[in-house]
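*Asks:* Take this structure, written in structure tokens, and hold onto it; I'll ask about it next.
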């Protein structure tokens, strides 16, 4: 146990989440709103809570996350990444289980940019020989 609180950053696509993790009763606040109120889909709620399930630390830490950018799925992934990093900062013994679950890897997939002389990122304008 290095510290009692941990401040970390989690990212996914264009979403950035600043996560503060401290010992508590398991309260999760996203942009100063409860998790259930912020995310409508249960898949997003499950994704955010996944690091606690992997490390068997449900209800032991309070989470305060500030997240911006991207959509709901990207924001949930960014919070999950930030929580996983914060758990390691608090107890480095959790690293192997989080790494095995793939929660420490930053998801690098992003929207490809549109190129000049083309209709989109990969789509070309229709070609005609004559």
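*Asks:* Give the stretch 87-97 a look and list any residue that's within 15 Å of residue 53 (Cβ to Cβ) and in contact with a strand residue (DSSP E or B) (Cβ under 8 Å, 6 or more places away or on another chain), or say none.
*Replies:* 87
*Asks:* Is it the case that some residue within the stretch 8-23 is more than 24 Å from residue 108 (Cα to Cα), free of Cβ contacts under 8 Å to residues at least 40 places away in the same chain and part of a loop (DSSP other than H, G, I, E, B)?
*Replies:* No.
*Asks:* What residue, among those in the stretch 19-47 that are closer than 16 Å to residue 6 by Cβ and in contact with a helix residue (DSSP H, G or I) (Cβ under 7 Å, 6 or more places away or on another chain), is surrounded by the fewest Cβ atoms within 10 Å (Cβ to Cβ)?
*Replies:* Among residues in the stretch 19-47 that are closer than 16 Å to residue 6 by Cβ and in contact with a helix residue (DSSP H, G or I) (Cβ under 7 Å, 6 or more places away or on another chain), the one surrounded by the fewest Cβ atoms within 10 Å (Cβ to Cβ) is 28.
*Asks:* Determine which single condition residue 16 fails, assuming it passes every other condition in (1) buried (at least 18 other Cβ atoms within 10 Å of the Cβ); (2) closer than 30 Å to residue 113 by Cβ; (3) out of contact with any strand residue (DSSP E or B) (no Cβ under 9 Å at 6 or more places or on another chain).
*Replies:* That leaves (3) as the condition not met.
*Asks:* Which numbered condition in (1) outside any loop (DSSP other than H, G, I, E, B); (2) modelled with pLDDT under 95 is the only one that residue 26 fails?
*Replies:* It fails just one condition, (1).
*Asks:* A further question follows. Applying the selection to the stretch 48-74, what residues are more than 22 Å from residue 91 (Cβ to Cβ), buried (at least 17 other Cβ atoms within 10 Å of the Cβ) and touching a helix residue (DSSP H, G or I) at 6+ places or on another chain (Cβ under 8 Å)?
*Replies:* Passing the criteria: 67, 70.
*Asks:* Next question. Go through the stretch 91-119 and count every residue that is without any contact (Cβ under 8 Å) to a residue 12 or more places away in the chain and in a loop (DSSP other than H, G, I, E, B).
*Replies:* Going through the stretch 91-119 one residue at a time, the tally reaches 11.
*Asks:* Then there's this: Output the number of residues of the stretch 39-70 satisfying the condition of being within 11 Å of the chain's Cα centre (by Cα), farther than 15 Å from residue 27 by Cα and part of a helix (DSSP H, G or I).
*Replies:* Looking only at that region, the number is 2.
*Asks:* Looking at the stretch 71-90, can you tell me whether even one residue there is within 30 Å of residue 40 (Cβ to Cβ) and outside any helix (DSSP H, G or I)?
*Replies:* Yes, some residue in the stretch 71-90 is within 30 Å of residue 40 (Cβ to Cβ) and outside any helix (DSSP H, G or I).
The values are calculated or read from the model by the stated rules, or taken from the named source; none is laboratory data. Bear in mind that the values here come from a model prediction, so they are computed numbers and not experimental data. Every residue, glycine as well, gets a Cβ built from its backbone with ideal geometry; the counts of neighbours run over all protein chains shown.
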